[in-house]
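The values are calculated or read from the model by the stated rules, or taken from the named source; none is laboratory data. What you see is a predicted model, and the numbers here were worked out from it, not measured in a lab. In this analysis, Cβ positions are derived from the backbone assuming ideal geometry, glycine residues included, and neighbour counts consider all displayed protein chains. What goes into the accessible areas is simple: the full protein's heavy atoms, side chains included, and nothing from ligands, DNA or RNA. Shrake-Rupley method; radii C 1.70, N 1.55, O 1.52, S 1.80 Å.
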Protein chains: 4
Amino acid sequence: MIEVGPNSYGKSAIRLVKVDRDQTPHRVRDLTIAIALQGDFASSYSEGDNTAVIATDTMKNTAYALGGEHLTSSIEAYGLVLGRHFLAEGREVELAQVSIEAHAWRQIGSAPDAFTRDGSETRTAVVSVGRDGFRVEAGIADLVVMKTTRSAFAGFPRDRFTTLPETGDRIMATKVTASWGYTRDVEMDFDAVFDRVRSTFLTAFADHDSASVQHSIWVVGRAIVEAHPEVAEVTMSLPNLHHWTVDLSPFGIANDREIYVATTEPHGLIEATIRRSDVSSGKS
Amino acid sequence: MIEVGPNSYGKSAIRLVKVDRDQTPHRVRDLTIAIALQGDFASSYSEGDNTAVIATDTMKNTAYALGGEHLTSSIEAYGLVLGRHFLAEGREVELAQVSIEAHAWRQIGSAPDAFTRDGSETRTAVVSVGRDGFRVEAGIADLVVMKTTRSAFAGFPRDRFTTLPETGDRIMATKVTASWGYTRDVEMDFDAVFDRVRSTFLTAFADHDSASVQHSIWVVGRAIVEAHPEVAEVTMSLPNLHHWTVDLSPFGIANDREIYVATTEPHGLIEATIRRSDVSSGKS
Amino acid sequence: MIEVGPNSYGKSAIRLVKVDRDQTPHRVRDLTIAIALQGDFASSYSEGDNTAVIATDTMKNTAYALGGEHLTSSIEAYGLVLGRHFLAEGREVELAQVSIEAHAWRQIGSAPDAFTRDGSETRTAVVSVGRDGFRVEAGIADLVVMKTTRSAFAGFPRDRFTTLPETGDRIMATKVTASWGYTRDVEMDFDAVFDRVRSTFLTAFADHDSASVQHSIWVVGRAIVEAHPEVAEVTMSLPNLHHWTVDLSPFGIANDREIYVATTEPHGLIEATIRRSDVSSGKS
Amino acid sequence: MIEVGPNSYGKSAIRLVKVDRDQTPHRVRDLTIAIALQGDFASSYSEGDNTAVIATDTMKNTAYALGGEHLTSSIEAYGLVLGRHFLAEGREVELAQVSIEAHAWRQIGSAPDAFTRDGSETRTAVVSVGRDGFRVEAGIADLVVMKTTRSAFAGFPRDRFTTLPETGDRIMATKVTASWGYTRDVEMDFDAVFDRVRSTFLTAFADHDSASVQHSIWVVGRAIVEAHPEVAEVTMSLPNLHHWTVDLSPFGIANDREIYVATTEPHGLIEATIRRSDVSSGKS
């Protein structure tokens, strides 16, 4: 006997730009949206029966059609509108997940109508709406950060394949993917909370002495959970983008942590969730 | 109270090329390896205690050092050696996951020592070794396939945001990510089984009439599970890379499914697991 | 005084797929097209005068509209049709350049209607049509090749910053961008000639002993120009994708050119044109 | 007779990071460097004679070795040092071209040692040093800009393949690649001049009414050449990243330039040089 196991379907990479010209400067919202539905769709696989399959093209149309009226505050609020729409639209739908990336634009000088895209980071949100409530995860992606001191890596075990020297002062650089889960079923001023969590992230990253990337995840994650009661947990995925000190001794040149080679291959990869232990996590 | 939740760490993007010149033609193995460890590592986060943290640089060295002796048959067998090594090396390690991508090279003519890289697909393997056994998932990535007929999409619901016409004959194109889990704790001739599963995949894809991408996942996945008793389940993630018929009527030109525009944004995304229902799945 | 200097404008990344179902198997042509016009367009810059500016959207439409009737043999022939169209359409146009990338699809087994995309190489053509004739450059891109022996690099100068050892047997790997210019104003069976030049390229690459990437460009380029009278010159841009032998001696393991690390950063980059010296080159 | 035509060779993608910890905040320079040599190297191709071939590995070493002492002011000044070094080192060298991309880092708050990478733009410089002098081109890459009003496209010719409506108010978005050539053989405070030119670029982009991308290139380019006597010419390559108004009328929803779909394929591509007509251009 063969059966359909876990499954989802939807539309990805919907590129929506909304311009509000009633404001000065104009407000530009630049989103990449993915919609995915889960539910009672087994027969669409095993029978090729499309009677319950809301077309992904319809999902795309819906995102644009609802954008004018409903994309007015946070991306999380808009995601909730979209998610609820698809639950109302299809009774086979058990979970509608709306993932949104927001690309930031910065005003040029004091111009009301000219902008540069801020490629330094992407704001993310994943809104999951089910029959029994919703969950929101907010996050940051593509943010590259560096500590030029106060980062060490020592005390690790040495076996026959270990050649890495211990160091008390290295560069730590990483491209942050972080997301944090809010308390279930609570709507809030998602923009304001995002700004506060982001600020805590950067402050904690800048302030701490790091014993390892693992340790940094803890310090930063704990700071976020401690400072923001709305946050149930925070998950980080941090590549260790190694910066190796270049050996210039063959050339008779000293290099006291001044000249580095930046590398991407291979890279460390450290992933962890930091969470409140006294509440059931929002994550399955 | 704040605690460390699920976590893992390791080294990614280890680029290993091995050349066996004792064969004619030379045998080229070209791998991208990622190693990730899970286990009792909470204190490495919360205390910055590295005493149990096998350095990711050591992981990289180990992959190269063991390559000569142990990378001699399949990538799955090599992954098992690496995974077992790290379980033996660190008693805090509960799970060692070795992910390998194999990039194929084809002999040029009858030359023993000249090759072109086959960029058409990547073979993948994820080997997870725990204290109580192991699990192997094999797979294919980056394989772009197309059906030029016998692909339909009709009978889907129409709401106020639906504009997509029904079609009985469209192009279906997708970039395949497929992986299949083998029966737990069984070592086999992984190369031979991979070839057979891959062959079934392509044959089933070519042979069937598709009512939707969902339906195609079912047909292809079922064919694999039916034909290969070693396979417990198969998971596919298929973007629907839409090819839209270009409307040439403004120019007085007929276009009966001849001229298409290929698109990547937005795209459908269909993901599902097809599995035996009479055995407990290898997947959690 | 300020003026408009060299300029061009056009449409890039036009994605056209054509399916001929009258053949068995179906014939799939999958093209990415760029069209660029040069000519007397200074006032479109300095005055914002669009009266001569064929819209790039119109260029896109034209590529699709002419595809049915005129994309029937080679991409070069189709490029000539497009280029001539734009010269006829706009009297300010002095040069119409049509660049086409062709992505190959391979039949699955003996199926008439199922294909895999061959990601191993891209065929390219740049067709430049002017008032006084045309020029065609054909080429290959994205083709990754490797020699596992018979590649050396020795005899180079050593200064105070030189640490690279000489080697008589290294791996040479490169991602080929090659293009060759055909005799001006001659139409030919471009598909047949392409196949022959490509074959010479691979044979010469496989057969020769390489003293350097530079030397390989010469050997391969000369072979092409010698064997194909239609070819006036060939230009190659070859990154040297270094494969370094891993030093396993710290682990007491010998590594006699068996285990390599493949790298992309940094990479050598060698570019040269090999040409007939007895004819005026087709290139400016 | 077959000969070696134009050629160059060198090292690309050299990733150099320099940290000056004597400043508060620390100064981070993050560069990607490419070095290419031209000259009397024909025999390295046709004879495989490496006696004049400075190894590209040596070029890489040189970039790192000279970084400590000589990478102290602008990237242009450092490029001049590198270029002159290679002319001194190899008498066959006729032209040494050093291309540098500088990736910016911004201080986090007031921390002396923590930074975020500014992914919004890349500063570029190409320094070409010959036996008879040098030339410097500075530039900007990867800068995405948008005008939300005051951008039109009308008055273009309409032929049988034209469907684009005229518009008096569209979004104009582009990813800027701009470079400008300085007066030959003059060293200057390249950092200060770069900042001034960049400022002019943004101001002119924000301030003008655009009749087309071509027109914008003229307005912005002319502003730069007019305001900065050091600049002989400026070249821009601007993709037109179309934002199309979404047709929501099938859903009974008005869309007065509010909801757009952002696209990348296909895209317009406009390239031009704006230059002083009363001086001989620095460009060939």
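Here are the numbers for the structure shown:
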item: Number of the exception - A:His70 against (1) under 30 Å from D:Val145 (Cβ atoms); (2) in contact with an Asp or Glu (Cβ under 7 Å, 6 or more places away or on another chain); (3) open to solvent by 10 Å² or more (accessible area, probe 1.4 Å); result: (2)
item: Failed condition for B:Gly221, given (1) within 15 Å of the chain's Cα centre (by Cα); (2) within 14 Å of chain A (Cβ to nearest Cβ); (3) open to solvent by 10 Å² or more (accessible area, probe 1.4 Å); result: (3)
item: Single condition A:Thr62 does not satisfy, out of (1) in a helix (DSSP H, G or I); (2) facing another protein chain (nearest Cβ under 7 Å); (3) open to solvent by 20 Å² or more (accessible area, probe 1.4 Å); (4) among the polar types (S, T, N, Q); result: (3)
item: Filter result for the condition that a residue is within 20 Å of the chain's Cα centre (by Cα) and among the small types (Gly, Ala, Ser), over D:Gly155, D:Gly181, D:Gly168; result: D:Gly181
item: Hits in the stretch C:75-107 (condition: in a helix (DSSP H, G or I) and in contact with a Lys or Arg (Cβ under 8 Å, 6 or more places away or on another chain)); result: C:Ile75, C:Leu87
item: Count - residues of the stretch A:25-45 that are farther than 20 Å from B:Ala178 by Cα, within 14 Å of chain B (Cβ to nearest Cβ) and surrounded by fewer than 19 Cβ atoms within 10 Å (Cβ to Cβ); result: 2
item: Close pairs from the stretch A:183-198: first touching a residue at least 24 places away in the same chain (Cβ under 8 Å), partner open to solvent by 30 Å² or more (accessible area, probe 1.4 Å), Cβ under 6 Å, at least 6 apart; result: A:Thr183/A:Glu230; A:Arg184/A:Arg135; A:Val193/A:Glu230
item: Residue ID - nearest to D:Thr264 (Cα to Cα), chosen from residues in the stretch D:172-203 that are within 10 Å of another protein chain (Cβ to nearest Cβ) and surrounded by fewer than 22 Cβ atoms within 10 Å (Cβ to Cβ); result: D:Lys175
item: Count of the stretch B:108-146 residues which are among the charged types (D, E, K, R) and not in a strand (DSSP E or B); result: 3
item: Residues of the stretch C:131-150 that turn out to be open to solvent by less than 10 Å² (accessible area, probe 1.4 Å) and either acidic (Asp, Glu) or more than 18 Å from C:Met236 (Cα to Cα) (or both), as a count; result: 1
item: Residue under evaluation A:Thr122, criteria (1) in contact with a helix residue (DSSP H, G or I) (Cβ under 9 Å, 6 or more places away or on another chain); (2) open to solvent by less than 40 Å² (accessible area, probe 1.4 Å); (3) within 30 Å of A:Ile35 (Cα to Cα), criterion not met; result: (1)
item: Filter result (of a type in the set (Gly, Ala, Ser) and within 14 Å of chain B (Cβ to nearest Cβ)) within the stretch C:129-167; result: C:Ala141, C:Ser151, C:Ala152
item: Leading residue by the ranking (most open to solvent (accessible area, probe 1.4 Å)) among those in the stretch D:82-118 that are in contact with a helix residue (DSSP H, G or I) (Cβ under 6 Å, 6 or more places away or on another chain) and away from every other protein chain (no Cβ under 12 Å); result: D:Ala102
item: Of the criteria (1) crowded, with 16+ Cβ neighbours inside 10 Å; (2) facing another protein chain (nearest Cβ under 10 Å); (3) in contact with a helix residue (DSSP H, G or I) (Cβ under 9 Å, 6 or more places away or on another chain), which one D:Ala206 fails; result: (3)
item: Criterion violated by B:Ala52 - all others in (1) more than 9 Å from chain A (Cβ to nearest Cβ); (2) over 27 Å from the mean Cα position of the chain (by Cα); (3) not hydroxyl-bearing (Ser, Thr, Tyr) satisfied; result: (1)
item: Filtered residue count, the stretch B:152-171, keeping only those that are open to solvent by 10 Å² or more (accessible area, probe 1.4 Å) and touching a residue at least 60 places away in the same chain (Cβ under 8 Å); result: 3
item: Residues of the stretch C:1-24 that turn out to be within 27 Å of the chain's Cα centre (by Cα), more than 7 Å from every other protein chain (Cβ to nearest Cβ) and touching a residue at least 60 places away in the same chain (Cβ under 8 Å), as a count; result: 0
item: Residue ID - nearest to the other protein chains (Cβ to nearest Cβ), chosen from residues in the stretch C:119-128 that are at pLDDT 95 or above and in contact with a His (Cβ under 9 Å, 6 or more places away or on another chain); result: C:Thr122
item: Any hit, the stretch B:233-249, residues being open to solvent by less than 20 Å² (accessible area, probe 1.4 Å) and without any contact (Cβ under 8 Å) to a residue 24 or more places away in the chain; result: yes
item: Conditions (1) in a loop (DSSP other than H, G, I, E, B); (2) of a type in the set (S, T, N, Q); (3) touching a residue at least 40 places away in the same chain (Cβ under 8 Å): number failed by A:Thr149; result: (3)
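Here's the yes/no breakdown for (1) in a strand (DSSP E or B); (2) in contact with a Pro (Cβ under 7 Å, 6 or more places away or on another chain); (3) modelled with pLDDT under 95:
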position: C:Glu3; (1), (2), (3): yes, no, no
position: C:Tyr9; (1), (2), (3): yes, no, no
position: C:Ala13; (1), (2), (3): yes, yes, no
position: C:Leu16; (1), (2), (3): yes, no, no
position: C:Pro25; (1), (2), (3): no, yes, no
position: C:Val28; (1), (2), (3): yes, no, no
position: C:Leu31; (1), (2), (3): yes, no, no
position: C:Ala34; (1), (2), (3): yes, no, no
position: C:Ser43; (1), (2), (3): no, no, no
